[in-house]
Amino acid sequence: MASGKKNNKDESKVKTEEKTEEKTEEKTIEKIFIGVDFGTSKIAMTTSSGKSILEQNVVGYPKDAISSKFLKKEVLYGAEALKHRVALNIHRPIECGVLKTNKEDLDAAKGLLEYCLNSLNLPDDAETYAILGVPAKASVLSKKILTEMTKDFFTGVMVASDPFCVAYELGLLENVMVVDIGAGTTDICRVRGTLPEPEDMTSFGKAGDYIDDSLIKSITSDYTSAMVTKEMAKRWKEEYGFVGEPSKDCEVDVPVDSSTIKLSIVQELKDACESIVPPIIEGITSLIATYDPDFREELRNNIIVSGGGSLIKNIDEFIEEELSIVGGGKVTVIKEDPFTAGSKGALKLAIDMPDDYWKKLI
Ligand SMILES: Nc1ncnc2c1ncn2[C@@H]1O[C@H](COP(=O)(O)OP(=O)(O)O)[C@@H](O)[C@H]1O
Ligand SMILES: [Mg+2]
């Protein structure tokens, strides 16, 4: 009996040791899933280990030996690069929704990804599986280059269209249309329960940056001595941007010669913000027209606006009004944070991808 007990004890000891070994093994092959939103203006990363980063998608190299000495760096990333932009040659790896493919810009993009990953402080020995959400056009045109460029950073990587990642985050996967208004492009993607094909997406270059440029043009043509920078226009748009009926006055300080004057820019802002709507209506209607007729009604009544441009006041109602002339539709603005929904959706998708899928990529 006693010896029997002892044996049992020994057995349980063996089992515990095995368990410990198993545990140790599990620890050494920790799997971390990462959702990345590689947008024109921002890069966002979210991991299954609960870490995240949101950074400007900008890289700066000192213009000369003096700036390099003063900044004490050979390369600056994100917000830091923007802060010192006058002393730097600035690179934005994604332009007009497409990854720039010259060596300098590719190196910049790679450096920025590495910088963001390093700031997440992930364990060196973890396996990392990433979904890279990019503008719709880049997901089709630059898929190979992006996969190649990032394969050194991750155990497995897959490229997906950002608006699809947004839909995935919202759990809206059937007969839904996402209108993602970013900085460089507006991407429209219809979701029909599968990964989208190129014909499910449309993209055009009228988005946040276009509004900023239009605003500068109209203010400087009304007031010829006004000096409006891109940063100012962006700031005013982000504070007051609206479409339709104005809810308040938009009075801003505009630099003229050596001083500033107060100007109301309500009409200029309205025109600039509304200028991106006609192509949105065109994109929506063409994606509806080429959809299965049985599901068109559901699709047109399930339109979600996301991206930084979704913060333009009244954008949902205005698109809805414009759509009413061409068959109608129901439009809502994303309720979640528009800047992180893409990376969160990409993370969710990475977690949900079957093991077999990742195995095929490795
Ligand atoms: N409150 C706001 N109102 C209007 N536009 C905004 C607001 N906040 C940010 N934006 C604009 O959204 C754009 C960035 O959106 P984002 O979805 O991050 O772009 P991307 O995915 O292209 O990096 C920029 O043009 C920015 O100025
Ligand atoms: Mg985006």
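The values are calculated or read from the model by the stated rules, or taken from the named source; none is laboratory data. Note that the structure is a prediction, hence the values are computed from the model and not measured. We place every Cβ from the backbone using ideal geometry, glycine too, and count neighbours over all the protein chains shown. Areas reflect the complete protein model, heavy atoms only, side chains present, ligands, DNA and RNA absent. Shrake-Rupley method; radii C 1.70, N 1.55, O 1.52, S 1.80 Å.
If only the Cβ of Lys and Arg carry +1 and only the Cβ of Asp and Glu carry -1, the dipole of segment 84-214 around its Cα centre is close to 280 debye.
Average projection, convex hull of the Cα set of the chain: 26.1 square nanometres.
Full extension from Thr332 to Glu297: what is 0.36 nm times the residue separation minus their Cα-Cα distance, to one decimal in nm?
Numbers: separation 35, 0.36 × 35 = 12.60 nm, distance 1.57 nm.
That pair, Thr332 and Glu297, stretches by 11.0 nm at full extension.
Computed from the C-alpha gyration tensor, the three semi-axes of the ellipsoid equivalent to segment 194-252 are 30, 15, 10 Å, from longest to shortest.
Placing unit charges on C-beta atoms (Lys and Arg positive, Asp and Glu negative, everything else neutral), compute the dipole magnitude of segment 208-274 about its Cα centre in debye, rounded to 20.
On the way: 8 positive and 15 negative charges, 15 e Å.
Computed about the Cα centre, the dipole is about 80 debye.
Of the solvent-accessible surface of the chain, computed with a 1.4 Å probe over protein heavy atoms with every protein chain present, carbon and sulfur atoms account for 52 percent. Full extension of the chain between Tyr223 and Val266 yields a length gain of 14.0 nm, computed as 0.36 nm times the residue separation minus the alpha carbon distance. In this simple spin-label model, placing a label point 7 Å from the Cα along the Cα-to-Cβ direction at both Arg235 and Leu120 gives a separation of 3.3 nm.
Projected label points at Ser286 and Asp352, each 7 Å from Cα along the beta carbon direction, are separated by 2.8 nanometres. Sorting 327-333, 131-137 by their mean Cβ neighbour count within 10 Å, with the most densely packed peptide first, gives 131-137, 327-333. Computed over segment 208-274, relative contact order equals 35 percent, with contacts defined as Cα pairs under 8 Å that lie 6+ residues apart. Think of it as helices only: each DSSP H run of n ≥ 4 in the chain is worth -39500 (n - 2.57), and spread over all residues that comes to -13500 deg cm²/dmol at 222 nm. Taking the average, over residues, of other Cβ atoms within 10 Å as the packing measure, peptides 171-177, 53-59, 69-75, 187-193 rank 187-193, 53-59, 171-177, 69-75 from highest down.
Normalised by the residues of the chain, what does the relative contact order come to in percent, with Cα pairs under 8 Å and at least six apart?
Details: 660 pairs, mean separation 67.8, N = 362.
Reported as a whole number, the value is 19 percent.
When you work out D = kT/(6 pi eta Rh) for segment 279-362 at 4 °C and 1.567 mPa s, using the Kirkwood radius from C-alpha pairs as Rh and the Stokes-Einstein form, the result is 87 µm²/s.
Indicate, rounded to the nearest 5 percent, the antiparallel portion of the DSSP beta bridges found entirely in the chain. Walk me through the numbers before you get to the answer.
On the way: 36 of 57 bridges.
Percentage antiparallel, nearest 5: 65.
When each of the peptides 98-109, 221-232 is scored by the mean number of other C-beta atoms lying within 10 Å of its residues, the order from highest to lowest reads 98-109, 221-232. Where the alpha-carbon atoms of segment 113-164 are placed on the principal axes, they occupy 33, 18, 17 Å, in descending order.
Can you give the FRET efficiency to the nearest 0.05 for Ile29 and Glu320, using r as the Cβ-Cβ distance and R₀ = 41 Å?
Values: r = 50 Å, r/R0 = 1.22.
Given R0 = 41 Å and the Cβ-Cβ separation, E is 0.25.
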